[in-house]
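Notes follow once the structure below has been shown.
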Amino acid sequence: MKVINIYQAKTQLSQLVDRSLAGEEIVIGRYGKPVVSLQVVAPTPTRSSGLLEGKIVIPKDFDDENPVIEALFYE
């Protein structure tokens, strides 16, 4: 494991990111001692719309006034 000093990491950050993406373990150190490692973050899964289409039905009177609920808030 080769330790790269902080100054070198600052000047070559984009190259270090490319090397890390290629699978190389990158360790950044201070005064020759390992401090942190550069790791690849797993991509977040994408969400698709319409998964519940046709499975959930909202009644037409969903937002009509309800006297019981109105009484709870506006007595």
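What follows draws every value from the coordinates through simple rules; no lab data is involved. Since the model is a prediction, treat every value here as computed from it, not as a measurement.
Working out 0.36 nm times the residue gap between I4 and E24, then minus their Cα-Cα distance, what length gain in nm do you get to one decimal?
On the way: separation 20, 0.36 × 20 = 7.20 nm, distance 1.27 nm.
Extending this stretch completely gives an extra 5.9 nm.
So for the chain: antiparallel DSSP bridges make up what percent, rounded to the nearest 5?
Working: 5 of 8 bridges.
Rounded to the nearest five, the antiparallel share is 60 percent.
Can you give the Rg and Dmax of the chain based on its C-alpha atoms, in angstrom?
Over the chain's Cα set, Rg and Dmax evaluate to 27.8, 73 Å.
What are the ³J(HN,Hα) couplings of the range 53-58, residue after residue, when phi is run through the Karplus curve with 6.51, -1.76, 1.60 and θ = phi - 60°? Round to Hz, x for glycine and proline.
Ordered by residue, 3J(HN,Hα) equals 4, x, 9, 10, 10, 9 Hz.
Please list 3J(HN,Hα) in residue order for the range 33-46, calculated via the Karplus relation 6.51 cos²θ - 1.76 cosθ + 1.60 where θ = phi - 60°; whole Hz, with x for glycine and proline.
Values per residue, Gly and Pro as x: 10, x, 10, 9, 10, 8, 10, 7, 8, 5, x, 7, x, 7 Hz.
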